[in-house]
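What follows is a short report on a single structure.
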Amino acid sequence: MNLEQLKKELAELSDETKKAIAEIKSVDALRSLETKTVGKAGPIGSLLGKIREFSPEERGAVGQTVNLAKKELVAMFAAAMAGIKSVAADAEASKASDYDPTLPGTAVRIGCAHPVTQVQWQVEEVFQRLGFLIETGPEMETEYYNFEALNIPALHPARDMQDTFWLENNMVLRTHTSPVQVHAMQRHGAPLRVLAPGRCFRYETIDASHENTFHQVEGLMIDKHISIANLIAMMKLLLQEVFHRDLKVRLRPGYFPFVEPGFELDMSCAICGGSGCATCKQSGWIEILPCGMVHPSVLRYGGIDPEKYTGFAFGLGLTRLAMMKYGVKDIRGLNGGDMRSLVPASRLAGPVILEKAEAVKGGSSC
Ligand code: PHE
């Protein structure tokens, strides 16, 4: 074999390889052809082995020629390999984006703040505008703050009005938000405007209108010359803001040891407007919140001089208010973790009845 023949053989090998590569679609097949072509056992390997058959003068040129051809072949395989890999990557990518845009989407369940939270925010907003501080107070209370400092001493029958969870450490789960009245008086002194929303607990058997865990909001306003007129004006404003209606209120006597005089405040029925319906039991009035003028002893417990200051307090049942506002008939619909109560209220026409809420699909901001 002379150099010319060798060059011809190499050129043929290059052509054949080029053709073979063009047919190949897989990485594995390409690799095996590369090994067969440029590996030791392949044509390049055997040509390199033939260098010895050439005269010593020719060997340098022969070696160079074969090595150059080998280099070109290796480059050819590398280019082909890159091509095959990018085709495979494209196929993979198109598989990933292979979706049908006409298929119905996955419904996203949009919820919103719990109705009790929404009502709480509304009440807070009204009173913040009127300069009230928002306080929370502890849910685990001492007997002193839950009862004593509210004018309910140990053997007072009024303790029976509130079925209480007593704890092993002799504390109680607060039965109402009223203890925050005394905390706030002691912390801030007079004059004082404070609103205290929060969870309360009573040892109740659960039914449609009773829960062992419920929300109240306490209101307290203390200043010079505060009278029942201020109390009525504030309560009217509050209820009008919450129900978005012009409502009438009336007071009936009510007994709570920490207020004197104490009242039950009724509002004209928001459903029938006062003409009488099933909700208000044909009376035209709905009992909405207990309230009264802060008892002088309670002011004293709070470190405030009852000769100088007077005040009113009210305890609004937030859970009850939410039930009325949204027409929820069973308290368990609100407290039992029922997701239907988290349907945005703004989606519903009129009061939120749970059966109606269920029918509402999708949601909106609330
Ligand atoms: N704390 C009372 C209750 O839960 C309600 C109340 C608050 C009454 C403030 C009068 C004044 O029953």
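The values are calculated or read from the model by the stated rules, or taken from the named source; none is laboratory data. Quick caveat, the model's predicted, so the values are computed rather than measured. Glycine gets a Cβ as well: all are built from the backbone with ideal geometry, and neighbour counts include every protein chain shown.
Please specify each residue of region 157-176 satisfying the condition of being away from the ligand (no atom under 14 Å from the Cβ) and surrounded by 14 or more Cβ atoms within 10 Å (Cβ to Cβ). Within region 157-176, PHE165, MET171 meet the criteria.
Within region 243-257, residues that are within 18 Å of ARG320 (Cβ to Cβ) and in the same structural domain as LEU318 (by TED's automatic domain parsing) reach partners that are among the small types (Gly, Ala, Ser) and within 15 Å of the ligand (Cβ to nearest atom) with beta carbons closer than 6 Å, at six or more positions or on different chains, in the pairs GLY254/GLY262; PHE256/GLY262. Looking at LYS308, LYS236, LYS281, just one residue is farther than 21 Å from ALA184 by Cβ, more than 16 Å from the ligand (Cβ to nearest atom) and in a loop (DSSP other than H, G, I, E, B), and that residue is LYS281.
May I ask you to say which residue of LEU220, LEU231, LEU155, LEU167 is in contact with a helix residue (DSSP H, G or I) (Cβ under 9 Å, 6 or more places away or on another chain), of a type in the set (A, V, I, L, M) and assigned by TED's automatic domain parsing to the domain that holds ARG252? Spell out the reasoning first.
Working: LEU231 fails: in contact with a helix residue (DSSP H, G or I) (Cβ under 9 Å, 6 or more places away or on another chain); LEU155 fails: in contact with a helix residue (DSSP H, G or I) (Cβ under 9 Å, 6 or more places away or on another chain); LEU167 fails: in contact with a helix residue (DSSP H, G or I) (Cβ under 9 Å, 6 or more places away or on another chain).
Every option except LEU220 fails the conditions.
For region 256-271, filtering for residues that are closer than 28 Å to GLN282 by Cβ, more than 35 Å from the chain's Cα centre (by Cα) and not in a strand (DSSP E or B) leaves 1. LEU238 meets all of the listed conditions (1) surrounded by fewer than 17 Cβ atoms within 10 Å (Cβ to Cβ); (2) under 28 Å from the mean Cα position of the chain (by Cα) but one, namely (1).
Can you run down the residue pairs with Cβ atoms below 6 Å, 6 or more apart or on separate chains, where the first is in region 218-235 and under 16 Å from GLY315 (Cβ atoms) and free of Cβ contacts under 8 Å to residues at least 24 places away in the same chain and the partner is assigned to a loop (DSSP other than H, G, I, E, B) and away from the ligand (no atom under 11 Å from the Cβ)? Note: no pairs meet the criteria. For region 95-134, residues that are aliphatic (A, V, I, L, M) and part of a helix (DSSP H, G or I) total 5. Taking region 33-84 on its own, how many of its residues are exposed (fewer than 12 other Cβ atoms within 10 Å of the Cβ) and in contact (Cβ under 8 Å) with a residue 12 or more places away in the chain? Adding up the residues that qualify gives 1.
When the residues of region 198-213 are filtered to those that are within 13 Å of the ligand (Cβ to nearest atom) and either touching a Pro at 6+ places or on another chain (Cβ under 9 Å) or not acidic (Asp, Glu) (or both), which remaining residue is nearest to GLY137 (Cα to Cα)?
Start the filter on region 198-213 by keeping residues that are within 13 Å of the ligand (Cβ to nearest atom), which leaves 198-202, 204.
Then keep just the ones that are either touching a Pro at 6+ places or on another chain (Cβ under 9 Å) or not acidic (Asp, Glu) (or both); that gives 198-202.
Values: GLY198: 8, ARG199: 10, CYS200: 11, PHE201: 14, ARG202: 17 Å.
Selected residue: GLY198.
Go over the candidates PRO153, PRO179 one by one and state the one that is more than 24 Å from the chain's Cα centre (by Cα), under 15 Å from TYR301 (Cβ atoms) and within 12 Å of the ligand (Cβ to nearest atom). Being more than 24 Å from the chain's Cα centre (by Cα), under 15 Å from TYR301 (Cβ atoms) and within 12 Å of the ligand (Cβ to nearest atom) holds for just one of PRO153, PRO179, which is PRO179.
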